[in-house]
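Encoded as C-alpha cells, the structure appears first; notes follow it.
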Amino acid sequence: MVTAYLLAVAVVMPVYGKAGDLFGRKPVFQFAIVLFLVGSAASGLAHSMDQLIAFRAVQGAGAGGLIIGGRRSSGMWSARGSGAGTRG
C-alpha cells in the first residue's frame, strides 16, 4: 500500500510541475485536491486488498500534486527572487 502511494507520488510530481506551468497553478492544485479526496474515499470503501492498493495509488497521484502545489504556492521553489548566484 505504501509502495503504490509513494511510487505514484514520485511519478506524478514532475507531471504536475509541467501542468502547472502550462495550465496555471490554481486549477492544477484544485485537480490534485479532488483526486486525493476521491482516492481517500475510495480507499475507505475498498472491499479487497487489490482495490485498496489501486485506490492508494490514486490517492498518491493526488498527493503528488498537493506537494508540488503547496511548495510552489509558498514560494519555496520560486526561480525569480531566489537569490541564486548573488552575494551581498
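Laid out as a table, the results:
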item: Chymotrypsin sites (Phe, Trp or Tyr not before Pro) within the range 4-34, DSSP loop, no more than 12 other Cβ atoms inside 10 Å; result: none
item: Charge tally in the Cβ shell below 15 Å around V11, where Lys, Arg are +1 and Asp, Glu are -1, V11 excluded; result: +2
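Where a number appears in this text, it was derived from the coordinates with a stated rule and is not lab data. All values derive from a computational prediction rather than experimental measurement. Cβ: placed from backbone, ideal geometry, glycine included. Neighbour counts: every protein chain shown.
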